[in-house]
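Student: Submitted below is the structure of interest, expressed as structure tokens.
Bear in mind these aren't lab numbers, they're just calculated from the coordinates by the rules spelled out. Everything numeric here is computed off the predicted structure, so don't read it as measured data. Every residue, glycine as well, gets a Cβ built from its backbone with ideal geometry; the counts of neighbours run over all protein chains shown.
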Amino acid sequence: MIDKSVGDILEIVDEISPFDLQDSWDNSGLIVGKKDKLFSNIYLSLDLDTELIDSVEDGSLFIVHHPLIFGGLKSLDFDTYPAKLIQKIIKKDISVIAMHTNFDKTHLNRYVLEEILGYKVSEIDGYLAYFDLGKEFDEFVNEVAKKLSLDSFRVVKGSNFIKSAALCTGSGASLLSSLRADLLLTGDLKYHEALSAKIEKKSVIDIGHFESEIYFAKCLKKALQTKGINGIIKNSKNPFNIIVSKDSIR
């Protein structure tokens, strides 16, 4: 048993990345639990899923990126998401804290750009982490695929040479209209967003939502260690299967 309460940890992570920075539509903070409750271990994950909840001991604390509850729940049908997970969480006396848009702004975009891709941030503007590139588009695409271990991905090639770029982990294609760079790295690119980018000669590399944010746990673990807290990385799994051939699915 750790000698801190859920409320103590809530205060610590608020110091790391203030919850006041979250967007109005977000629901970061304490999602399930009581502030005065003690807990056994802290687990860090992008999301929660059935297998992950089943794998930890009763009385654990999860700190996740995506809030399990976004809007008001009108009912709890335990055969559906998220109620099915909420039921398991309550039965196992598990507490859940979410750090979402606040952590994107203060930590995650910078971490992925600098620690994973190896580029220095030149400017942070909201969710966009800008950096100087100065490379051929095709060369950079191959580099990103290797560093993020991407087997498949989609691109929009707006120009052959990229002077500057920006990263937004998760789903950031809606920021294309305000982009002040030649290229955007993000996930969840939609067809009409791609069409608009192509016409406006803006390049996009769709690096995936899960694939770009799976580094949340590593990033938060590093931040917690500066506060003397040891979090255990135990990530959820990508809900997508990737079909690599007719006879092989992984």
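Student: Let me spell out the model: positive unit charges on the Cβ of Lys and Arg, negative unit charges on the Cβ of Asp and Glu, origin at the Cα centre of the chain. What dipole size does that give, in debye rounded to 20?
Tutor: Computed charge dipole of the chain: roughly 260 debye.
Student: Does segment 103-212 classify as rounded, prolate or oblate by the C-alpha gyration tensor (a ≥ b ≥ c root eigenvalues; a/c under 1.5 gives rounded; else a/b over b/c gives prolate, otherwise oblate)?
Tutor: Cα axes put segment 103-212 in the rounded bin.
Student: Taking only Cα atoms and a 10 Å spring cutoff, compute GNM fluctuations for the chain and point out the largest among 199, 207, 31.
Tutor: Of the options given, 199 has the highest mean-square fluctuation.
Student: Can you tell me which of 149, 17, 203 moves the most in a GNM of the chain? Springs connect C-alpha atoms under 10 Å apart.
Tutor: 149
Student: Cα gyration tensor of segment 1-107, axes a ≥ b ≥ c as square roots of the eigenvalues: rounded (a/c below 1.5), prolate (a/b > b/c) or oblate?
Tutor: Since a/c reaches 1.5 but b/c is at least a/b, the shape of segment 1-107 is classed as oblate.
Student: Of the candidates 192, 100, 65, which one comes out as most mobile in a Gaussian network treatment of the chain with C-alpha springs shorter than 10 Å?
Tutor: 192
Student: I'd like the distance between the alpha-carbon centres of segment 9-34 and segment 168-235, rounded to an integer number of Å.
Tutor: Taking the Cα centre of each part, segment 9-34 and segment 168-235 sit 20 Å apart.
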